[in-house]
Amino acid sequence: MCFYSKREYLIVIFDHISVVAAACSRVGQRVLHLDRRSYYAANWASFTFNGLLSWIQQQQVSETQDWCDLLEEGEELIQLSSQSSIRNLQVFTYTSKEDEVEEASADSVNTTEEEQHGPGETRCAVGSERLSQEVSRTHHSLQHMEIPAEGFCSLNISPIFQSQATITEGAEPEAEQPQSPAIPSQSEPSRKKISFAQLEKEGRRFNIDLVSKLMYSRGSLVELLIKSNVSRYAEFKKVSRILTYRNGEVEQVPCTRADVFASRQLSVVEKRKLMRFLTSCIEEKDDQSAYNGRPYLEFLRDQKLGENLQHFLLYSIAMVTEDTPTEVGLASTRNFLRCLGRYGNTPFLFPLYGLGEIPQCFCRMCAVFGGIYCLRHSLRCLLLDTATNRCKAVIDSRGQRISCSHVLLEENYVHERKNVATPPRFLSRAVLITDSSLHGSDSEQEVSMVTIPPITEGAPAVKMVELSSSTMTCMSGTYLVHLNCSSVSSAYQDLSPLITTMFSTPESHDQGRPSVLWCLYFNMEDGSAMEVEGHDLPSNVYVCSGPDGELGHEHAITQAELIFHKILPEEDFCPPAPNPEDILYDGGSAPSSGPEEEPSLQLEVEGLDSDWNTVFLFF
Amino acid sequence: MHGRVKVKSTAQQEEEKRKEREKKLKIYIAARDGCFTKRKEGVFDDEALQLTQQLLSSNPDFATLWNYRREILMHLETVKEVDEVQKIYEAELLFLESCLKVNPKSYGSWHHRSWVSARLPRPDWARELSLCDRCLSLDDRNFHCWDYRRMVVKMFNVPVDQELKFTDRLIGSNFSNYSSWHYRSTLLPLLHTTASELPPMQAESPKSNRVCEEQLLKEYELVQNAFFTDPNDQSAWFYYRWLLGRAELEEMISCLHVSREEEQVAVVFSRPVNVQSGCLLLVLDGQPHAVEWKSIHPRFKHSPVWICNLPPGTISEISNEHNLTVHWTEKHSRKDCTLFTGHAESWCQDSATDQELFRSELSVEKNSVLQSELQSVQQLQELEPLNKWCLLTLILLMRALDPLSYEKEMLAHFQTLKEVDSMRSAYYSDLCSKFMIENTILKMEYAEVRVFSVSDKNLSTLCHLDQLVLVTHINLSCNQLLCLPPQFAMLRCLEVLEADNNSIGNLEGLYHLPKLEAVILKDNKIATLADLEPLTSCPRLKRLDLRGNPVTQLANVESELAKLLPSVLDLLL
């Protein structure tokens, strides 16, 4: 018997909605946080390399049972599905399974490798063609969720996964795979390539996020972290530069005064024009409103900014596309500029150990104020009081009934309750482990945001983040690259052409670029396209969407605040948490800390020797 | 509400903080008194070292304690082995780092650090340099750190090119930094003027702080990047002025004038000097003469013009020819001039044109460089038509290239400057006056006349009067002059002064002008008889026009004036 099942909970939070959980817990609500997974934060999670490999294997659907015997008088049952929002998973390993073998054997092995890759890739193509088919299947299966005999995820993912399974299994001792270095290191024989075995061995050094985002330094997430004092649970690193891919080259985008001054790509006149434009567009002006509704590119052209500057301003600073309306482009540019210079020379921060740290911080905050967490523990259904149309209780995966006053869950658990079914939109994601940086030095200190305009007509604009080992997300000597765009086709089809041109893979012939050691493609449902309203659900059941495709966290934070105010309309959203020493414990006195310490004259000093690249959000 | 965390109220927190503070204060005072007692008793032990360390780490601005600490350390030096001393001082440096974290701008800590560094048996200058770098990366304008760094660089003998790269780095991270630019200006001459590249004479000249042209072009590029990126940042503009600047003028005698009738010699120097007896030697017809040199006005101890009266009868005979030489012994400069038979005066003068005196302190070896600089600044001015730094630099470049042909554009730019920077409009008026006077001097020299005429040019001030020693007629009418300053007494040959339609209320400069005959001051602001007092020192004054001045309204003005200036025959009131 579980200790929590007897109590009545004010709020049961299901899965990753950690911000709301923390906010509720902070203002005194009793929060129970259940997650069917063995890790926090669902699609917001980050994994070690080995953790990610098991995650890849786990992308399957769990079974459903009938729980009607737990119903009480006047109650109704809502079954909860737990359909995955991940599709088209594909894995490629471009490095040898074991440590580098003797040069002599490389040739013979190489042919084997190519043979290996052949069938794998053809099957990938088959997999991605199925995307449209999948979407229709999704709806079909949702309508019959009571009989989830064959969830479409298992239908779809398994074949592709199996084709790649040999690779993940390859490192296991019993697998009889030939040793196969993917790319014989002809260009740099001296440089020892990192093997798959090494990646696995150092797997704990990786913190690979499922989402690809950055924190705008004046964005709502940063403001919330500061306001709530949750920032004390994490450390952050400045994104050190903005890069862009243009005319087949990776270039640095000058976006601060110092960048513009030092830029070698811009003439002095361009420098002046850029600075003038950036200063002038901070304020809203009449001549700007004349362009409302017309493309931002047209506005930029009319400002007599040359092609260099247009590219930088459109794709890298506003991060919009050619047909984005001027008012949107300007708002985006202003947001970029507003965030610039608060912590560093770019508008972005990245949490050390990955974005997965952020939900964990809020979980911690929730727990500090009494929230209870249960991992590997799912909900099966909601119990509905038919008279009041309110959810009275939930039934967990162990068949226990838990009373509650509010329930918060992720959209795809109740997808079938939606009144108007809108087709889901997807994000195309790729995660690469590479051996060097795309631009300049391999100092392992740079964190780069790379904006990539559509490489061909109709292709999506891609946002890429290159993390060095200094962010604690990858092992030393490697770079972790996240690619993200709105899906046009499958992740592989959307992103692999770009990856083969920008990086060195067995398909590309240019050896001067960073080599891809390992690569993962998948599609994730776009949270911004999920509708959290319009579900046929009790009034005290709240729905929130998964991660969206934007670079910042505005969508998630706005949604969390909205839900919080629906649950507790009178309460403050995440007020500052008090310092531990200011908390009064039972009896009104602070816990005795033994004999009184000899106060020293040493004043508290911030360490001058600490890493100055690390930003503490203590302000 | 149920289940909420109870938090201490602000009053509770305040109370706790107050108690904490009181406790700290008690300890602090006890430690301080302990230190003072020990010092009085002449105790130099480890305990004292620790006590001062405790106090200084919370208050690094306690100079007495630093002194006591130095006394202790100096004592320890005498009783300990070198290796131990090294260790003590190394610990001292570590302690100082913690003090600098408390207050990175503490005079005491920085001073003590340089004291310790200098006494360290085996100093690690590389470490000190990196400490400075770190401090400057936190605050690139911390002048304490700049000072300390200069000392470190000197002790460590850091090569100039390495230091130049250091400024590159600082300027790259933030170019609004005078310290870095200025440091650059001290490094460049050291780096690029190797004696072999220059003709020997130039190399010897200590004032020549020229930078080789190749480097100069790089510097222009760098500084242009800065002012194109942010034209409102003045640090780059100041550095640019320095780059375009010229070496200082050589000190010499630029003009010698001798007047037979007054038996007076006037010497003009290239800059104001204080002539002490003996440093200026007058030789007349081969014979040294002991004379008394006077500056042109008692107000000046330093003056570019000095005069002396020869003993009566020395050169008064018109049929005699005289050779006159003045030696400036200090600077090895001399001027000769011959007073020919039948001539009333004679002079020898270097021309302002030849010396390019008025190229507004800008000069570069090659006009082509200036020309291309002018083009870039003009380009910037098209983008930023109202930027004052850009306009001002444009004016200076134009003057350096060709002061006369750019006159019209210069005046237009001055007009814009006064509008966009109205707080400094008086400064611009004075500067514009200066440039107009320079142009007039050039025109006068080209015309080879002794008439100086700048009427209706909005002059607000007079300058370069040392260049007008030989002028006989001056026309300053229809300007905005407020006075004739003491420098006006440099116009040794002036006969006619036209200064009508100004706002002159002060005639201080009309002082002992031996040839002055006519003074036209119609429509000015002369209010009292006392204002006219200086005119009594001009022996030849015959004509005076005071129409339209307040002084004319005084009762009995005519008789009073006749009393004051009996020599004036033609008085207009």
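The values are calculated or read from the model by the stated rules, or taken from the named source; none is laboratory data. Since this is a predicted model, take the numbers as computed values, not measurements. Note: ideal-geometry Cβ built from the backbone for every residue, glycine included; neighbour counts use all protein chains shown.
With respect to A:H377, determine if the residue is crowded, with 17+ Cβ neighbours inside 10 Å, in a loop (DSSP other than H, G, I, E, B) and of a type outside the set (A, V, I, L, M, F, W, C). Don't jump to the end; show me each part of the working.
Values: crowded, with 17+ Cβ neighbours inside 10 Å: yes; in a loop (DSSP other than H, G, I, E, B): yes; of a type outside the set (A, V, I, L, M, F, W, C): yes.
Yes, satisfied.
Against the condition within 14 Å of chain B (Cβ to nearest Cβ), out of contact with any Lys or Arg (no Cβ under 9 Å at 6 or more places or on another chain), in contact (Cβ under 8 Å) with a residue 40 or more places away in the chain and within 15 Å of A:N308 (Cα to Cα), how does A:Q252 come out, does it pass? No; evaluated as a whole, the condition is false for this residue.
Looking at region B:100-113, which of its residues are surrounded by fewer than 17 Cβ atoms within 10 Å (Cβ to Cβ) and more than 15 Å from B:L138 (Cα to Cα)? Before you say what the answer is, go through the steps one by one.
Step one: list which residues in region B:100-113 are surrounded by fewer than 17 Cβ atoms within 10 Å (Cβ to Cβ), which gives B:103, B:105, B:107, B:111.
B:Y107, B:H111, listed by residue number.
Evaluate the following for B:Q13: is it within 13 Å of another protein chain (Cβ to nearest Cβ), among the polar types (S, T, N, Q), part of a helix (DSSP H, G or I) and touching a residue at least 40 places away in the same chain (Cβ under 8 Å)? Taking the combined requirement at face value, the residue does not satisfy it. In summary, B:D46 fulfils each of the numbered conditions (1) at pLDDT 90 or above; (2) more than 11 Å from every other protein chain (Cβ to nearest Cβ) with the single exception of condition (1). Of the residues screened, B:V551 is one that is outside any loop (DSSP other than H, G, I, E, B), of a type in the set (A, V, I, L, M) and over 13 Å from B:D570 (Cβ atoms). Taken residue by residue, region B:28-39 has no member that is assigned to a helix (DSSP H, G or I), modelled with pLDDT under 90 and away from chain A (no Cβ under 12 Å).
Quick one: how many residues across region A:261-279 are out of contact with any strand residue (DSSP E or B) (no Cβ under 8 Å at 6 or more places or on another chain) and either part of a loop (DSSP other than H, G, I, E, B) or more than 12 Å from chain B (Cβ to nearest Cβ) (or both)? Before the answer, list the steps.
Keep residues of region A:261-279 that are out of contact with any strand residue (DSSP E or B) (no Cβ under 8 Å at 6 or more places or on another chain), which gives A:261-262, A:264, A:266-279.
From what is left, the residues that are either part of a loop (DSSP other than H, G, I, E, B) or more than 12 Å from chain B (Cβ to nearest Cβ) (or both) are A:264, A:266-267.
Total satisfying the criteria: 3.
Is there a residue being within 14 Å of another protein chain (Cβ to nearest Cβ), at pLDDT below 50 and within 24 Å of A:Y353 (Cβ to Cβ) anywhere in region A:590-607? Yes, some residue in region A:590-607 is within 14 Å of another protein chain (Cβ to nearest Cβ), at pLDDT below 50 and within 24 Å of A:Y353 (Cβ to Cβ).
Residues that are part of a helix (DSSP H, G or I) and surrounded by fewer than 23 Cβ atoms within 10 Å (Cβ to Cβ) were ranked within region B:226-238; the one that is farthest from the other protein chains (Cβ to nearest Cβ) is B:F238. In region B:540-563, the residues that are over 24 Å from B:L482 (Cα atoms) form Cβ pairs under 9 Å with partners that are in a loop (DSSP other than H, G, I, E, B) and among the acidic types (D, E), at six or more places apart or across chains, as follows: B:R540/B:E495; B:R540/B:E517.
For region B:140-164, give me each residue that is within 14 Å of chain A (Cβ to nearest Cβ) and either free of Cβ contacts under 8 Å to residues at least 12 places away in the same chain or closer than 17 Å to B:L96 by Cβ (or both).
Taking region B:140-164 and keeping what is within 14 Å of chain A (Cβ to nearest Cβ), we get B:140, B:142, B:145.
Those that are within 14 Å of chain A (Cβ to nearest Cβ) and either free of Cβ contacts under 8 Å to residues at least 12 places away in the same chain or closer than 17 Å to B:L96 by Cβ (or both): B:N142, B:C145.
So for region A:238-251 (the condition being within 30 Å of A:A23 (Cβ to Cβ) and either touching a Phe, Trp or Tyr at 6+ places or on another chain (Cβ under 7 Å) or not in a loop (DSSP other than H, G, I, E, B) (or both)), does at least one residue qualify? Within region A:238-251 (the criterion being within 30 Å of A:A23 (Cβ to Cβ) and either touching a Phe, Trp or Tyr at 6+ places or on another chain (Cβ under 7 Å) or not in a loop (DSSP other than H, G, I, E, B) (or both)), the answer is yes, since at least one residue qualifies. Inspect all residues belonging to region B:443-450 and state whether any of them is touching a residue at least 24 places away in the same chain (Cβ under 8 Å) and under 29 Å from B:L532 (Cα atoms). Yes, region B:443-450 contains a residue that is touching a residue at least 24 places away in the same chain (Cβ under 8 Å) and under 29 Å from B:L532 (Cα atoms).
Can you say whether A:F299 is within 14 Å of chain B (Cβ to nearest Cβ), on the phi < 0 side of the Ramachandran plot and in a helix (DSSP H, G or I), as far as the supplied structure shows? Let's see the steps before the verdict.
Numbers: within 14 Å of chain B (Cβ to nearest Cβ): no; on the phi < 0 side of the Ramachandran plot: yes; in a helix (DSSP H, G or I): yes.
For A:F299, the condition - within 14 Å of chain B (Cβ to nearest Cβ), on the phi < 0 side of the Ramachandran plot and in a helix (DSSP H, G or I) - is not met.
Quick one: how many residues across region B:325-338 are part of a strand (DSSP E or B) and within 35 Å of the chain's Cα centre (by Cα)? Qualifying residue count, region B:325-338: 9. Of all residues in region A:40-60, those that are assigned to a loop (DSSP other than H, G, I, E, B) have Cβ atoms under 6 Å from Cβ atoms of residues that are of a type in the set (G, A, S) and surrounded by fewer than 20 Cβ atoms within 10 Å (Cβ to Cβ), 6 or more apart or on another chain, in A:T48/A:G203; A:Q60/A:S154. Residue count for region B:247-267, restricted to those that are out of contact with any His (no Cβ under 8 Å at 6 or more places or on another chain), surrounded by 18 or more Cβ atoms within 10 Å (Cβ to Cβ) and not in a strand (DSSP E or B): 1. Out of everything in region B:93-128 that is more than 14 Å from every other protein chain (Cβ to nearest Cβ) and closer than 12 Å to B:L56 by Cα, what residue ends up being farthest from the chain's Cα centre (by Cα)? This residue is B:H112.
Being modelled with pLDDT of 85 or more, out of contact with any Ser or Thr (no Cβ under 8 Å at 6 or more places or on another chain), within 24 Å of B:L431 (Cα to Cα) and part of a loop (DSSP other than H, G, I, E, B) is the filter here, so list the residues in region B:339-389 that pass it. Scanning region B:339-389 gives B:E384, B:N387. On the basis of being without any contact (Cβ under 8 Å) to a residue 12 or more places away in the chain and more than 14 Å from chain B (Cβ to nearest Cβ), does A:A331 make the cut? So A:A331 fits the description; yes.
For B:R210, the conditions (1) within 27 Å of B:Q375 (Cβ to Cβ); (2) over 20 Å from the mean Cα position of the chain (by Cα); (3) at pLDDT below 90 all hold with the exception of (2).
Go over the candidates B:S425, B:S455 one by one and state the one that is surrounded by fewer than 18 Cβ atoms within 10 Å (Cβ to Cβ), hydroxyl-bearing (S, T, Y) and part of a helix (DSSP H, G or I). Give the steps one after another, and end with the answer.
Details: B:S455 fails: part of a helix (DSSP H, G or I).
Being surrounded by fewer than 18 Cβ atoms within 10 Å (Cβ to Cβ), hydroxyl-bearing (S, T, Y) and part of a helix (DSSP H, G or I) holds for just one of B:S425, B:S455, which is B:S425.
Does any residue of region A:230-252 turn out to be farther than 25 Å from A:A577 by Cα, modelled with pLDDT under 90 and either within 17 Å of the chain's Cα centre (by Cα) or of a type in the set (V, I, T) (or both)? The answer is no, given that none of the residues of region A:230-252 is farther than 25 Å from A:A577 by Cα, modelled with pLDDT under 90 and either within 17 Å of the chain's Cα centre (by Cα) or of a type in the set (V, I, T) (or both).
Across region B:402-419, not a single residue is classified as in a helix (DSSP H, G or I), modelled with pLDDT of 90 or more and closer than 15 Å to B:L468 by Cβ. The set of residues in region A:294-333 being in contact with a Cys (Cβ under 7 Å, 6 or more places away or on another chain) and surrounded by fewer than 16 Cβ atoms within 10 Å (Cβ to Cβ) is empty. Count of region A:260-293 residues, restricted to those that are hydrophobic (A, V, I, L, M, F, W, C), surrounded by 15 or more Cβ atoms within 10 Å (Cβ to Cβ) and either touching a residue at least 24 places away in the same chain (Cβ under 8 Å) or in contact with a Gly (Cβ under 8 Å, 6 or more places away or on another chain) (or both), is 7.
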